[in-house]
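Q: One structure is given below, represented as structure tokens, and several questions about it will come after.
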Amino acid sequence: MIMARLRPLAPAIAIVLLAVAGCGRVVIIGGSSAGGLEETHLNVAVVPAVDSAGFFVALHEGLFAKEGLAINYTAATSSDTVIDQQVAGEYDITGGNYVSYIQHVVDDHQPLQIIAEGSVMQQGDQAIYTMPDSKIKTLAQLKGHLVGINAPGNINYLLTAAVLTENGISVKSVRFPTQPIPFPDMAGELAAGKIAAAALPEPFATAAEEQYGAVELADLDQGATQNFPVLGYVATKSWVQQHPNTLKAFLAALEQGQEIADTSRSAVEQAMESLDGPQNGQVPPVVAAVMALNIYPIGIDQVRLQRVPDVMLQFGLLRTPFNIGQMLGPLP
């Protein structure tokens, strides 16, 4: 059973976020004993956000090393940017949003398998924001206006589209940018009037509030996307078949990290503060202290994950129904 936790309210303090630039690498050296592992050094690309907190806790606390694994971690801009490299063998495991993984399976027939869930959205994690002097005071008033998202047709769009529809507003009546707006830049675009509203996750949401006085218009954790699964960990089906012992060790460490992240806020703060530089997801202590966290489940709940393609179909990101079971399979 997943237990929800109360989130502390952010105090009025100045928060400065450093943009994630490029892809950095951090090597965490594992133990010397192979223990029957097919491979002991893994290349793992993960989006450096609070959605990935369980992974970062496992890194910080040496849980992968205890399983005999050395993790070569790469910070991924998004799952969409690393899937092709993963299929080509550059990465063994990646972590990112489910929407992009599903799109690659459906459109490009990529042989991807979900090996673990990463995070489930909670209230306060993601919301639509406007400026305090904006004439837009309700979701209905977004009609005809440009709402900023970080990439066309991804989970940021999906969450926004779902909340609009849930509140009786046609998605077609609202405009979205055709080019990505990186999260670190979005608050500035909002303040400059280049977009009328912005869909922002933590910690960028808190930064927008404190730096520019942005105000929340609507929380994205509601209706069709309440408690929505956001991020998961994926490998190719052939890699899973060829590395059962290695995968078992990886999942053992990850599950411990998930459990700690789900029960200890301080462990998440310490893990994300300890990362090697902002390009790898390092969060300043002042940000870590107030950022909202997700739920970090253990294992895989097929019913919960099926919600993702179902909502994608509802809002036009899929043309036909998709069974998430196609991306699941036996695990060690």
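The values are calculated or read from the model by the stated rules, or taken from the named source; none is laboratory data. Values in this document were obtained by computation on a predicted structure and should not be read as measured data. A quick note on method: Cβ atoms are made from the backbone with ideal geometry, for glycine too, and the neighbour counts reach across all protein chains shown.
Q: Could you pull out the residue among Leu37, Leu69 that is buried (at least 24 other Cβ atoms within 10 Å of the Cβ), in the same structural domain as Phe250 (by TED's automatic domain parsing), over 19 Å from Ile295 (Cβ atoms) and touching an Asp or Glu at 6+ places or on another chain (Cβ under 9 Å)?
A: Leu69 is the lone residue from the list that is buried (at least 24 other Cβ atoms within 10 Å of the Cβ), in the same structural domain as Phe250 (by TED's automatic domain parsing), over 19 Å from Ile295 (Cβ atoms) and touching an Asp or Glu at 6+ places or on another chain (Cβ under 9 Å).
Q: Within segment 159-176, count every residue that is within 24 Å of the chain's Cα centre (by Cα) and farther than 14 Å from Gln226 by Cα.
A: Summing the residues that are within 24 Å of the chain's Cα centre (by Cα) and farther than 14 Å from Gln226 by Cα in segment 159-176 gives 3.
Q: Considering segment 261-319 alone, what residues qualify as being of a type in the set (S, T, N, Q) and over 30 Å from Gly62 (Cα atoms)?
A: Of everything in segment 261-319, those that are of a type in the set (S, T, N, Q) and over 30 Å from Gly62 (Cα atoms) turn out to be Gln306, Gln314.
Q: Something else about it: Can you work out which of the residues in segment 249-265 that are in contact with a strand residue (DSSP E or B) (Cβ under 8 Å, 6 or more places away or on another chain) and farther than 19 Å from Ala292 by Cβ is surrounded by the most Cβ atoms within 10 Å (Cβ to Cβ)?
A: Across segment 249-265, the extreme among qualifying residues is Phe250.
Q: Do you know which residues across segment 205-237 are within 14 Å of the chain's Cα centre (by Cα) and among the β-branched types (Val, Ile, Thr)?
A: Answer for segment 205-237, where residues must be within 14 Å of the chain's Cα centre (by Cα) and among the β-branched types (Val, Ile, Thr): Val230, Val234.
Q: Met291 - would you say it is part of a helix (DSSP H, G or I) and at pLDDT below 95?
A: No, not satisfied.
Q: Within segment 21-138, which helices (runs of 4 or more DSSP H) (wholly inside it) include 3 or more residues that are over 19 Å from the mean Cα position of the chain (by Cα) and modelled with pLDDT of 95 or more?
A: Counting at least 3 such residues, we get 63-66.
Q: Same structure again: Restricting to segment 299-327, and then to whatever is of a type in the set (A, V, I, L, M, F, W, C) and free of Cβ contacts under 8 Å to residues at least 60 places away in the same chain, can you tell me which residue is surrounded by the most Cβ atoms within 10 Å (Cβ to Cβ)?
A: Among those that are of a type in the set (A, V, I, L, M, F, W, C) and free of Cβ contacts under 8 Å to residues at least 60 places away in the same chain, it is Leu313.
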